[in-house]
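To start, the structure itself, in structure tokens.
The values are calculated or read from the model by the stated rules, or taken from the named source; none is laboratory data. Not measured: the values here are computed from a predicted model. Neighbour counts are summed over all protein chains in view; Cβ atoms, including those assigned to glycine, are modelled from backbone coordinates with ideal geometry.
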Amino acid sequence: MPEPQTAEPLLQVRDLKMYFPVTDGMLVQRTIAHVKAVDGISFDIMPGETLGLVGESGCGKSTTGRCILQLEKPTAGQILYHGADLNRMGRAELAAMRRKIQVIFQDPFSSLNPRMKIGDIIGEPLAVHGIEPNSADRAKRIAELLTVCGLSPKMADRYPHEMSGGQRQRVGIARALSMKPEFIICDEAVSALDVSIQAQVINLLEDLREEFDLTYLFIAHDLSVVRHLCHRVAVMYLGKIVELAPCDELFDNPLHPYTQALLNAVPVPDPTIEAGRKHHLVKGEVPSPMNPPSGCVFHPRCPVAVENCSGPVPELREMRPGHWVACGEVS
Amino acid sequence: MGAKTSAAINDPFLGGDISLASLLEIADLQVQFFTSEGIVRAVDGISYTVDAGETVAIVGESGSGKSVSALSILRLIPDPPGRIMGGKIIFDGQDLLGLDEEGIRKVRGRDIGMVFQEPMTSLNPVLSIGRQLTETLEQHLGTNREDSQTRAVELLGLVGISEPQRRLRQYPHHLSGGMRQRVMIAMSLACNPKLIIADEPTTALDVTIQAQILELMKDLTRRLGVALIIITHNLGVVARYADRVNVMYAGRIVESGVSADIYHRPRHPYTRGLLKSVPRLDQPRGERLIPIVGHPPDMTQLGAGCAFLPRCPYAVDRCQHERPDLELVDDGHSSACWQRDELDKGAAA
């Protein structure tokens with residue numbers, strides 16, 4: 001296994017495709033089409049880096065996360081973790097790798113078993129992976145994890161329904177941390193939380209990143225949260241990455257028309273600024289991923305589209321250092 | 001009602017002339033839920049007004065009572081467990097709480113339209129779009145089949161749905177989330193209402209679609225002179241679309257005023273905390289967010305003092321024993337906080 005040096009990416013995703021079959025027929029199921037949820041995307045994540053993956057519902061951002069977690073078997077492409085392809089690993093090898101890669105889900109209500117005590121929820125992975133086989137050690141570790149996540153160790157005896165949404169999300173984070181992971185996929189991890197609680201959890205994620213040298217893939221639709229937390233950001237639309245750039249570069253100088261539209265659509269919490277802002281609404285709706293438009297998938301809604309945009313699919317081009325854009329009209 | 005009426009008179013929004021001109025006037029509204037955990041005062045004595053044609057936002061977090069307060073206007077609170085315990089809701093000169101079931105049915109959907117968060121669950125899945133629109137017209141206005149058909153086509157055009165003739169024959173599941181919300185808006189506008197209540201109308205939608213729907217609602221309400229109550233947790237949406245804002249916390253309005261005052265000179269610690277805790281795209285990337293500490297209160301266990309006290313950085317002794325009422329701090333700007341004047345000193349936010 002290659003050395004995890006700073007110059008080596010922790011995770012490399014290469015030409016990842018995830019097509020879901022659409023079937024018809026009651027007894028004999030025929031595949032009549034494919035939903036191209038993820039259609040050939042590539043990116044790297046460096047150790048200690050937080051990569052944001054943004055886009056609207058159905059753009060494939062969560063499916064990408066699920067492929068990395070091996071919760072979906074990708075149609076094509078490679079997912080290299082420390083240089084080893086997760087798609088080709090055997091069960092035992094994958095089980096070991098799973099400890100390194102953890103996930104925090106959006107909905108803390110449905111991702112915690114309502115009939116288990118908080119202590120057991122956090123302790124279960126410790127027992128399953130044989131990390132703390134002794135129950136006294138395990139209890140100590142559970143108390144430690146709860147404290148790290150800003151909860152009282154006494155919470156171990158409670159059930160999920162006795163906690164608020166914010167506290168439940170902290171339990172989800174504690175469970176992810178119990179495996180001492182290197183890499184955490186945060187799939188809309190703060191989206192379901194109220195504004196005042198969301199800020200607490202964002203700060204916690206930042207603290208943990210610092211303390212445990214964590215690498216995050218931060219999947220979210222809220223652009224202001226992504227901007228706050230991430231080092232680099234990839235924007236997805238209809239299964240493709242349309243723009244990828246360092247965070248400040250992307251938000252200060254968005255080049256793809258879709259990124260520009262997305263940023264323009266976010267209202268700013270300041271009535272004076274809003275009164276003076278021009279709003280360029282992007283027309284129409286996201287087309288079906290079963291039957292995506294030819295050429296650039298954004299061209300039917302694009303304000304600057306030209307005839308050529310329905311022709312060849314635009315490739316990601318590096319327009320500035322580290323700033324990649326898939327649009328033929330950007331120069 | 002004796003004691004409660006006197007509380008209502010102190011309310012800044014109920015001074016003589018203003019209430020006469022208002023389209024909607026809510027005074028000391030109390031809604032309680034009787035649960036196994038105890039009584040929840042979901043709405044605990046709120047008063048506000050909405051003038052004809054204006055957009056008023058109600059902002060707050062989950063459980064603050066913002067939706068319950070709005071659903072109460074049309075008496076849509078499920079009873080049991082909920083019950084409107086007191087107060088007045090005067091709409092266009094008539095007290096909605098005094099109407100019988102038949103009376104309130106005539107107001108719902110005719111004088112007051114509703115747009116809900118999840119259009120899939122608020123549209124009838126087994127009726128065509130056209131039927132749902134014409135039914136409203138036939139029920140409320142007694143329009144004949146042909147005229148209501150014409151009006152339905154007109155309404156779909158109004159909300160920006162292309163090929164309205166074809167769409168009328170379609171069913172809700174044929175449409176995308178954004179399209180369904182457009183249909184909801186068309187339905188709410190069908191009988192030329194004076195007021196539309198929109199409960200988190202864009203929360204389930206993507207940001208580019210959210211922008212389309214909100215622009216549409218703003219444009220239509222302005223053009224047709226319809227007043228709008230918009231319930232949301234999104235401070236950006238409020239800033240862009242609302243004339244006035246009511247901030248709710250634990251069943252009460254804690255701050256109320258025109259948008260500019262609320263955002264630039266917040267006079268309640270909760271409003272301040274909310275504004276500071278959101279990351280903003282228009283400002284340089286901050287080092288760290290300043291969250292509101294703690295978590296929302298257990299609504300069955302509210303004490304005599306201010307409900308925000310355990311989370312408040314400005315609290316003084318008095319806050320433990322006495323609950324502050326909403327009082328004017330400035331022209332049209334009120335706050336329910338004992339420290340409301342202190343907060344003004346370090347204000348320039």
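Considering only segment B:214-250, how many residues are away from chain A (no Cβ under 13 Å) and in a strand (DSSP E or B)?
5
Among the residues of segment B:189-198 satisfying the criterion of being closer than 13 Å to B:Val107 by Cβ and not hydrophobic (A, V, I, L, M, F, W, C), which is surrounded by the fewest Cβ atoms within 10 Å (Cβ to Cβ)?
The extreme case among them is B:Lys194.
Within segment A:169-190, is even one residue facing chain B (nearest Cβ under 9 Å), β-branched (Val, Ile, Thr) and within 19 Å of the chain's Cα centre (by Cα)? Can you show your working first?
Here is the first cut: in segment A:169-190, the ones facing chain B (nearest Cβ under 9 Å) are none.
Scanning segment A:169-190, I find no residue that is facing chain B (nearest Cβ under 9 Å), β-branched (Val, Ile, Thr) and within 19 Å of the chain's Cα centre (by Cα), so the answer is no.
Residue check: is B:Gln301 over 27 Å from B:Val329 (Cβ atoms) and either under 20 Å from the mean Cα position of the chain (by Cα) or part of a loop (DSSP other than H, G, I, E, B) (or both)? Show your work before the answer.
Details: over 27 Å from B:Val329 (Cβ atoms): yes; either under 20 Å from the mean Cα position of the chain (by Cα) or part of a loop (DSSP other than H, G, I, E, B) (or both): yes.
The answer is yes for B:Gln301.
Which residues, taken from segment A:265-275, are in a helix (DSSP H, G or I) and crowded, with 19+ Cβ neighbours inside 10 Å?
Hits for segment A:265-275 are A:Ala265, A:Pro271, A:Glu274.
Across segment A:145-170, what is the number of residues that are surrounded by 15 or more Cβ atoms within 10 Å (Cβ to Cβ) and assigned to a helix (DSSP H, G or I)?
13
Taking A:Lys278 as meeting all but one of (1) at pLDDT below 85; (2) surrounded by 14 or more Cβ atoms within 10 Å (Cβ to Cβ), write down the number of the exception.
(2)
Do you know which residues across segment A:213-228 are out of contact with any Leu (no Cβ under 8 Å at 6 or more places or on another chain) and more than 14 Å from chain B (Cβ to nearest Cβ)?
Taking segment A:213-228 as the starting set, the residues that turn out to be out of contact with any Leu (no Cβ under 8 Å at 6 or more places or on another chain) are A:213, A:221-222, A:225-226.
A:Asp213 - this is the single residue of segment A:213-228 that is out of contact with any Leu (no Cβ under 8 Å at 6 or more places or on another chain) and more than 14 Å from chain B (Cβ to nearest Cβ).
What number of residues within segment B:251-292 are modelled with pLDDT of 90 or more, out of contact with any Ser or Thr (no Cβ under 9 Å at 6 or more places or on another chain), within 9 Å of chain A (Cβ to nearest Cβ) and part of a loop (DSSP other than H, G, I, E, B)?
Going through segment B:251-292 one residue at a time, the tally reaches 0.
Return only the number of the condition from (1) within 12 Å of chain B (Cβ to nearest Cβ); (2) of a type outside the set (A, V, I, L, M, F, W, C); (3) surrounded by fewer than 24 Cβ atoms within 10 Å (Cβ to Cβ) that A:Pro257 does not satisfy.
Every listed condition holds for A:Pro257 apart from (3).
When the residues of segment B:160-189 are narrowed to those that are at pLDDT 90 or above and not in a helix (DSSP H, G or I), which ends up farthest from B:Pro201 (Cα to Cα)?
Residue satisfying both the conditions and the ranking: B:Arg169.
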